[in-house]
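The values are calculated or read from the model by the stated rules, or taken from the named source; none is laboratory data. Since this is a predicted model, take the numbers as computed values, not measurements. With ideal geometry, Cβ positions are generated from the backbone for all residues, glycine too; neighbour counts draw on all protein chains shown. Surface accessibility is based on the protein's heavy atoms, side chains included, excluding ligands, DNA and RNA. Shrake-Rupley method; radii C 1.70, N 1.55, O 1.52, S 1.80 Å.
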Amino acid sequence: MTDRPDTPRLTDRAEAARRARIAREAEALRANLRRRKQQSRARVTAPEAPPQDTSGNEA
């Protein structure tokens, strides 16, 4: 059976870059979730308004 070398290790600089990317992605996901929750709440609490005619034609 062929011995398999250990998986490559990241340098300190590469590991720091990986952690920074993960932190940015996590913050972006949290911000997106906050926006989606806010939009959902706005749809639930928004008063019913009649649809507006945006065609520009007068009746």
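Below is a table of values for the structure above.
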{"item": "Filter result (within 17 Å of the chain's Cα centre (by Cα) and open to solvent by less than 80 Å² (accessible area, probe 1.4 Å)) within the range 14-26", "result": "20, 22, 23, 26"}
{"item": "Odd one out for residue 49, checked against (1) over 20 Å from the mean Cα position of the chain (by Cα); (2) modelled with pLDDT of 70 or more", "result": "(2)"}
{"item": "Every pair of residues 6+ apart whose Cβ atoms lie under 9 Å, when the first sits in the range 10-39 and is at negative phi while the second is open to solvent by 70 Å² or more (accessible area, probe 1.4 Å) and of a type outside the set (A, V, I, L, M)", "result": "10/18; 15/9"}
